[in-house]
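Q: Provided herewith is a single structure, encoded as structure tokens, for subsequent inquiry.
The values are calculated or read from the model by the stated rules, or taken from the named source; none is laboratory data. For clarity, every value in this text was computed on a predicted model and none was experimentally measured. Virtual Cβ from ideal backbone geometry, glycine too; neighbours counted across all protein chains shown.
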Amino acid sequence: MVFGIVYNEPVTGSYAFSQSSADVLDQVKAVEEALVTLGHEAVRIPFTRDLARFTGSIREKRIEAVFNLCETVDEDPTLAGHPAAVLEVAGIVFTGSPSHAITTTTDKVTAKRLLRAVGLSTPDYMIYPGSGHFNVSCLRFPVIIKPRFEDASIGIDQESVCTSETELKGAVGDFFARFGTLLIEEYIEGREFNVSLFGYSDLAVLPPAEIDFSRLPGHLHRIVGYRAKWDTTSIEYEATPRVFPKNLPAGLAGELAAVARQCAHLFGLRDYGRVDVRVDDRGRVYVLEVNANPCLTPDAGFASACGEADMPYAAVVDGLVQFVCSRMDTNDTASCPAGQG
């Protein structure tokens, strides 16, 4: 079977947040190798604003289905759902969530509004659209500043956490100049979990991962910012490992799974996803973010959760292949061979 691996083409060279942008190429390489091992043909096809070039490549390479690894379009995160939309209009089956799920989860403000609408807990927040005057009396400090649309912890680090109104008002101008509209969210002190899901048509909840903050120096806020994810030389990276707790109380494990499932259904996640939450000292679960198509590198959180569930990487890729095949025309079952992994 001929799979197109569709991905956003990173800007070359070193620039702010270039590590996270370049990571998509690691995903492409890992998926490509797994597909070849499974007996499929894999063709790399970058997605840019040049749609004629993209659709021409799809036709020329006789692509039967697509692995959608796009995270932006030409580094614009507000267009993250557009590659999936183009594939939908063209009638090409692809891995991962549909365009509407990618679009709504990429927009942190819309995501929080939807969470609140169905009664799921998420930290209180306000929107900063660039006005020099805003009232933060509705929030409790500390708060954390987040770009409305960025992914991969872009724009989030220790300096994003503000402990007072004075500190916040002194910081938002620079953040807005760099990232546009901001989400200002109450900082929830507590444990942080990443709950991954995998399956089609029903998503199964995988073993929850916890971020271990115990080695983080006391003067640093307990967050997984950009340095913690991407700067291998930083103390944040070294001191925030991912662990899979073996003795979670049954009640907490059940609630984490239930919240993850609710989020998956609410946003219409498909094939795979991840829900990031905080649990405060009273055991209350707050949804921080919902990730429609989390990173697929073998060492990332989603693949690690699959490994914890005894699914090697090739089996994960084969599962995604089978999900896509189940959505194809069942009259041509020969084009969907059983996996070899």
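Q: Would you mind finding the one in Thr55, Thr72 that is β-branched (Val, Ile, Thr) and over 23 Å from Gly155 (Cβ atoms)?
A: Thr55
Q: Scan the range 251-280 for residues that are farther than 30 Å from Leu320 by Cα and out of contact with any Gly (no Cβ under 6 Å at 6 or more places or on another chain) and jot them down.
A: Gly251 - this is the single residue of the range 251-280 that is farther than 30 Å from Leu320 by Cα and out of contact with any Gly (no Cβ under 6 Å at 6 or more places or on another chain).
Q: Here is a follow-up. Would a scan of the range 75-87 turn up a residue that is over 28 Å from Gly155 (Cβ atoms) and surrounded by fewer than 20 Cβ atoms within 10 Å (Cβ to Cβ)?
A: Within the range 75-87, none of the residues are over 28 Å from Gly155 (Cβ atoms) and surrounded by fewer than 20 Cβ atoms within 10 Å (Cβ to Cβ).
Q: In contact (Cβ under 8 Å) with a residue 40 or more places away in the chain and farther than 21 Å from Asp151 by Cα: which single residue out of Ala30, Ala65, Ala80 fits that description?
A: Result of the check over Ala30, Ala65, Ala80: Ala65.
Q: Does Arg284 count as over 19 Å from Gln27 (Cβ atoms), assigned by TED's automatic domain parsing to the domain that holds Val36, surrounded by fewer than 21 Cβ atoms within 10 Å (Cβ to Cβ) and not β-branched (Val, Ile, Thr)?
A: no
Q: Which of the residues that make up the range 109-120 are crowded, with 16+ Cβ neighbours inside 10 Å and in a loop (DSSP other than H, G, I, E, B)?
A: Leu120
Q: Which pairs do you get when a residue that is closer than 16 Å to Tyr200 by Cα, found in the range 296-318, comes within reach of a residue that is β-branched (Val, Ile, Thr) and surrounded by 21 or more Cβ atoms within 10 Å (Cβ to Cβ), reach meaning Cβ atoms under 8 angstrom, with the pair 6+ apart or on two chains?
A: Sorted first by the residue in the range 296-318, then by its partner, the pairs are Cys306/Val316; Val317/Val31.
Q: Hey, another quick one. Mind listing just one residue for me: the one in the range 83-111 that is without any contact (Cβ under 8 Å) to a residue 12 or more places away in the chain and not hydroxyl-bearing (Ser, Thr, Tyr) and, of those, nearest to Met328 (Cα to Cα)? I'd like the intermediate steps shown before the answer.
A: Going through the range 83-111, the residues without any contact (Cβ under 8 Å) to a residue 12 or more places away in the chain turn out to be 88-89, 91, 110.
From the residues that got through so far, the ones that are not hydroxyl-bearing (Ser, Thr, Tyr) too are 88-89, 91.
Numbers: Glu88: 13, Val89: 15, Gly91: 10 Å.
The qualifying residue nearest to Met328 (Cα to Cα) is Gly91.
Q: Further, regarding this structure: Determine if the range 148-164 includes at least one residue that is part of a helix (DSSP H, G or I) and surrounded by 21 or more Cβ atoms within 10 Å (Cβ to Cβ).
A: Checked against the condition, which is being part of a helix (DSSP H, G or I) and surrounded by 21 or more Cβ atoms within 10 Å (Cβ to Cβ), the range 148-164 yields at least one hit.
Q: Separate question: Residues to consider are Arg178, Arg140; find the one that is part of a loop (DSSP other than H, G, I, E, B) and loosely packed, with under 15 Cβ neighbours inside 10 Å.
A: Going through Arg178, Arg140 in turn, the sole match is Arg140.
Q: Please give the number of the condition Ser201 fails out of (1) of a type in the set (Ser, Thr, Tyr); (2) surrounded by 20 or more Cβ atoms within 10 Å (Cβ to Cβ); (3) not assigned by TED's automatic domain parsing to the domain that holds Leu139.
A: So the condition that Ser201 fails would be (2).
Q: Still on this structure, please answer the following. Determine, yes or no, whether Glu189 is assigned to a loop (DSSP other than H, G, I, E, B) and charged (D, E, K, R).
A: When the stated conditions are applied, Glu189 passes them.
Q: Could you please let me know if Thr55 is part of a helix (DSSP H, G or I) and under 23 Å from the mean Cα position of the chain (by Cα)?
A: no
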